[in-house]
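Derivation of every value follows stated rules applied to the coordinates shown; laboratory data play no part. Just so you know, these numbers come straight off a predicted model, no measurement behind them. A quick note on method: Cβ atoms are made from the backbone with ideal geometry, for glycine too, and the neighbour counts reach across all protein chains shown.
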């Protein structure tokens, strides 16, 4: 397993400064965040931008085995905020559905240029739920959206990784695999978010075993069992990390062991950088010695 961290930990840094800072603290593998993805997409044509930034990062010993597809319609900088809203890849209206697909194509191109292998995706459907659609209709709409993204991604080397959410129809391995199977696409896998699992009353260690080889990405975070606190492992959280590590070893998971811990960056930057060093040491220990 590769010790990795979500780049949103340094959310206020623009992409190149972000890369230099992570590299100076000994990190080699990163998951590109939604915010930094939006920053890069402002620079020009997505594929060429991704390739250029990939070369820049390589010069610092950094690579991006994993990336998070857009969580919001715009980034987090001051000029992005007007009109920014949560991204839904499966909205009810036909024109919005097509617009979401066009947005996703740009992200797939960016990820291809960056050499990202695991693209983490929320399967959407929130707006359809609010509109009163039936679970069956929402399922079909999600399948259609995910299939189209996977079809566009075919040949890029990217696995579309459906993330478990604390949302009806997206909580369990069986629910996510039902979407994958209904698409008929073979370039779809799963992403386990350990924090989402716990607040959904799903055992993350069992999730790992049930997912098996379809597990292609991880969001590693702990919480207190109620909210998505995004805390580091082996702190005040409730997750039994020894069991999670045993399950990952059992399925021979070799992908990024990726921290998603923005709950740890609510402190002055000097303290956050000290915690960044601790996080690297912690994850190295967990991956090298199974956290035992």
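Structure above, values below:
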quantity	calculated
Within a Gaussian network of the chain (alpha carbon springs, distance under 10 Å), most fluctuating of 91, 233, 135	135
Exposure proxy order (Cβ contacts within 10 Å, fewest to most) of 201, 16	201, 16
Taking 111, 207 and counting other C-beta atoms within 10 Å, the order from fewest to most	207, 111
The chain - Rg and Dmax from Cα coordinates, angstrom	18.0, 51
Overall dimensions of the stretch 156-292 by Cα: Rg and Dmax, Å	15.1, 48
Semi-axis lengths (Å, descending) of the ellipsoid that matches the C-alpha gyration tensor of the stretch 82-193	21, 17, 13
Rounded to 5, percent antiparallel among DSSP beta bridges of the stretch 2-289	5
Gaussian network model of the chain, Cα within-10 Å springs - most flexible of 241, 133, 107	133
Value at 222 nm in deg cm²/dmol, rounded to 500, when DSSP H runs of n ≥ 4 in the chain each add -39,500 (n - 2.57)	-14000 deg cm²/dmol
Convex hull volume per residue for the stretch 199-244, taking Cα atoms only, in Å³	75
Overall Cα dimensions of the stretch 1-111 - principal axes, largest extent first, Å	46, 28, 25
Candidates 79, 39, 277, ranked by Gaussian network fluctuation over the chain, Cα under 10 Å, top entry	79
Separation of alpha-carbon centers, the stretch 248-285 and the stretch 106-165, rounded to whole Å	26
The stretch 50-100: relative contact order as a whole-number percent, Cα under 8 Å and 6+ apart	21
For the stretch 48-91, Kirkwood radius (reciprocal of mean inverse C-alpha pair distance, Å)	12.8
Sorted by Cβ density within 10 Å, fewest first, the residues 260, 163, 140	140, 163, 260
Relative contact order (%) - the chain, alpha-carbon pairs under 8 angstrom, separation at least six	18
